[in-house]
Amino acid sequence: MGLGREVREKIARRAAQEIMPGMVVNLGIGIPTLVADFVPTEVPVMFHAENGVLGTGPSPEKGNENALLCNAGGFPITASKGASYFDSATAFAIIRRGKLDMTIMGALQVSEQGDLANWIVPGKRVPGMGGAIELAEKAKRVLILMNHTDKYGQPKILRECSLPLTASLCVNLIITEMAVIEVTKEGLLLKEVFSPYTVEEVIACTEPQLIIDLASLDKEERYGS
């Protein structure tokens, strides 16, 4: 089942808290494209797009879209002060040289080891994997924003991914409509649970065993009501 606009924005708002001043960040298609809308204007950050832009800004207001200015998914964007434009070869060179501090992507499945499957469902037609493999392999930090379960109510956070992998051992943090989960060497660490969900509901919707961080869960929720 898909997520409503309000929930998608809450996930994006929480993800924006992971962005530190001075970072170079790539935003994937879907919920990640909303993240730029929730980064305070005083925080210096450069958003990267594979089609050749460094310095994308928040989504344009309806009616003020520039048909010549879009992200890699074809959605309209704005350009921040100091933005630059270049060809796709240069855009991918930035990725391949490890210049991205973070990439924020969607996922079909994530394993407890941090394996990522997000580019194909066997038997379904897809336009291609895009830059997902290189982004997952080369970015210094990988954040995943996604539904906690699929449309059938089955967990998307699994012991082992059943779909073809995009990259292995690459995911650092997962943010869903239910929780924030960190991938650690010891296993999946439950950092935050979002209202109206409970710890028990998160556990029931997650296939691997979770490490419960009571200190984090006792904190006042930053996710918003």
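The values are calculated or read from the model by the stated rules, or taken from the named source; none is laboratory data. Here the structure is a predicted model, which means the values were calculated and not measured. Neighbour counts run over all protein chains shown; Cβ positions are idealised from the backbone, glycine included. Remember, those area values only see protein heavy atoms, side chains included, never the ligands or the DNA or RNA. Shrake-Rupley method; radii C 1.70, N 1.55, O 1.52, S 1.80 Å.
Straight-line reach from residue 185: which lysines fall under 26 Å, measuring Cα to Cα and dropping same-chain residues less than 8 apart? Within the straight-line limit of under 26 Å, residue 185 reaches these lysines: 99, 138, 140, 156, 219.
For a test of the definition: using alpha carbon positions, the gyration tensor, and the 1.5 limit on a/c, classify segment 100-177 as rounded, prolate or oblate. Oblate. FRET efficiency for the pair residue 86 and residue 62, taken as 1/(1 + (r/R0)^6) with r the Cβ-Cβ distance and R0 = 30 Å, rounds to 0.55. Here the chain is treated with +1 on each Lys and Arg Cβ and -1 on each Asp and Glu Cβ, and its dipole about the Cα centre works out to around 620 debye.
Accessible surface ranking for 138, 81, 1.4 angstrom probe, highest first: 81, 138. Placing unit charges on the Cβ atoms of the charged side chains and taking the dipole of segment 1-160 about its Cα centre, the candidate lying farthest along the positive direction among 51, 29, 68 is 29.
For segment 49-114, with all protein chains in place and a probe radius of 1.4 Å, 53% of the accessible heavy-atom surface sits on carbon or sulfur. When only alpha carbons are used to place a centre, segment 40-58 and segment 134-154 end up 21 Å from one another.
Taking all protein chains into account, the per residue accessible area for the chain stands at 52 Å² (1.4 Å probe). Counting only heavy atoms of the protein chains and using a 1.4 Å probe, residue 166 has close to 10 Å² of accessible surface.
When a/c reaches 1.5 or more, the comparison of a/b and b/c decides; with that in mind, is the chain rounded, prolate or oblate per its Cα gyration tensor? Because a/c hits 1.5 or more and a/b exceeds b/c, the chain counts as prolate.
With a simple spin-label model that places each label point 7 Å from the Cα along the Cα-to-Cβ direction, the separation between residue 186 and residue 160 comes to 2.6 nm.
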